[in-house]
Structures are given as structure tokens and as C-alpha cells.
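The values are calculated or read from the model by the stated rules, or taken from the named source; none is laboratory data. For clarity, every value in this text was computed on a predicted model and none was experimentally measured. Here the Cβ is made from the backbone with ideal geometry for all residues, glycine too, and neighbour counts use every protein chain on show. Only protein heavy atoms, including side chains, enter the accessible area calculation; ligands, DNA and RNA are left aside. Shrake-Rupley method; radii C 1.70, N 1.55, O 1.52, S 1.80 Å.
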Amino acid sequence: MKRQLPFFQIEDCYGGCQDWFVDHWMKIGGCAAVTACDSCIYLKRYKGLAKLYPFNPYAPLKLDWLRFAAGMKPFLRPRWHGINRLELYMDGFGEYLRRVGETSLTMRPLPGDTAAPLAAKALMEQIDAGLPVPCLTLKHQDPDLADYVWHWFLLTGYEETETGSLLVKAVTYGRARWLNFAQLWNTGYSEKGGLVLYQLSQKLAQPAAFATKSLAKTAR
């Protein structure tokens, strides 16, 4: 089974892109803010949370996204050790939610030391509910995942293969890539990240919307 959430393009990028920042610290450490910004656009566009994003989510512009990301910086600012705990993301984004008066969205952590099958189940349940999943990866032994080390990004799809593996669609730096979830999750280090699970109030719960084949082809 393959499930992909619909997403959005900004110019030629799949979502926002950290490389767009002129601010030096945001360019090297703004990944948590990028993850929150793209979450806000998605949740306004597909879940109706109008307070989250002050611009048009149906035709997002690069300049608007950059203005919005600059406003997100005080809540999820880069720091010396990065936003290296799930609670730091939840506290910062939670403060943004309070500032804009959005009470329909809450969050709970799923730590990186959770058994991989349980984490995979939680991830698939989120995608099935039409919700993107912020993911934090800290150190990782696999050099093929170097782009995801000490990094926040979104997971927006999954595919259960015929061999029993679970692939997940990771969105970061304006592109998407399918990764083996067990490989991503089992970092080989005791210091781990994890997932943040968004939860909507009952009145906003809607059937999940999934990308059509034409939308899926926009992934880079």
C-alpha cells in the first residue's frame, strides 16, 4: 500500500527551502522553523486552520514564505546545539500556536528510542489521518543519510513494499526522497530524535486526502 499526502510547490521547490535564507544562522540551522512553516501552509490549505499562515496557501510565493519564516524564527531560533529535543520544537511551535490563537492543533512526542514497529505504526496512522509528521534525526551511522543528520524535516507519505519494508517520503530542502524507515529510525547511536505527532480537535478531523499520480510526480 502506498499513501502520499498532497503537498505544495513554491516556484520549482517541493515546499519551502532552507537554502533560500539570507540570514546566516537560519541558513545553517533553520530546519525546525522550515518544518513548522511548511506544516502551517499544509494545515491551512488542507485542514482549514486559517490562523496558521497569513498568506495564500493555494499559491504560495517565495517572498511570502521568507517573510513568514522570519516571523517563525523567534519561536524556533537556531542555537548552538540545535533544536535537538522534540520538546524544544513542541514548546516553540506551541508558543506560535498560542500567539496566533490556534487551539485546534496539539502535539505529542514519539521518542526515537521507541521500537521501530511501533513508530512505523504511529507514522502510518498520522499519514492516514492526512497529517504530515515532523521528524528529528540526530547522529546517524549510515553515510547515505548524511543530509538528515542533526536535522528536522517532514514525512508526508509511506509505502509498504512486497518484501515487508516500509518506505517513507522525506521532504526537505525543497525536494522529496523515499527512505527506508527502519534504516532511518535505527541510527546506531544512543542519542536519538524522534517524531512529533500532530493532533486535531474532533471537529476538524477530516478524511485523509492523498496525492493523485500527477501530484506525486512533483516530488524531487
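Any idea which of Y14, Y42, Y46, Y53 is under 22 Å from G174 (Cβ atoms), buried (at least 18 other Cβ atoms within 10 Å of the Cβ) and in contact with a strand residue (DSSP E or B) (Cβ under 6 Å, 6 or more places away or on another chain)? Steps first, answer last, please.
Values: Y42 fails: in contact with a strand residue (DSSP E or B) (Cβ under 6 Å, 6 or more places away or on another chain); Y46 fails: in contact with a strand residue (DSSP E or B) (Cβ under 6 Å, 6 or more places away or on another chain); Y53 fails: in contact with a strand residue (DSSP E or B) (Cβ under 6 Å, 6 or more places away or on another chain).
When all the criteria are applied, what remains is Y14.
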### Query
Assuming L61 fulfils every condition listed in (1) out of contact with any Leu (no Cβ under 6 Å at 6 or more places or on another chain); (2) surrounded by 14 or more Cβ atoms within 10 Å (Cβ to Cβ); (3) at negative phi; (4) touching a residue at least 40 places away in the same chain (Cβ under 8 Å) apart from one, which condition is it?
(2)
### Query
So, in the range 150-174, of the ones that are among the hydroxyl-bearing types (S, T, Y) and in contact (Cβ under 8 Å) with a residue 12 or more places away in the chain, which residue ends up surrounded by the fewest Cβ atoms within 10 Å (Cβ to Cβ)?
S165
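What helices (runs of 4 or more DSSP H) completely inside the range 1-107 contain at least 1 residues that are over 17 Å from the mean Cα position of the chain (by Cα)? Spell out how you get there, then give the answer.
Values: elements: 24-29, 31-47, 62-72, 86-100.
Result: 24-29, 62-72, 86-100.
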### Task
Might you let me know whether the range 134-142 holds any residue that is in a loop (DSSP other than H, G, I, E, B) and under 24 Å from L49 (Cα atoms)?
no
## Note on the structure
Checked the range 108-120 for anything surrounded by 13 or more Cβ atoms within 10 Å (Cβ to Cβ) and part of a helix (DSSP H, G or I); matches are A116, A119, A120
### Message
Just checking, does the range 185-192 include any residue being within 20 Å of K2 (Cα to Cα), among the aromatic types (F, W, Y), open to solvent by less than 70 Å² (accessible area, probe 1.4 Å) and at pLDDT 95 or above?
### Response
yes
### Task
Starting from the range 93-106, take each residue that is on the phi > 0 side of the Ramachandran plot and list its partners that are open to solvent by 50 Å² or more (accessible area, probe 1.4 Å), counting only C-beta distances under 8 angstrom and pairs at least six apart or across chains.
G101/K51
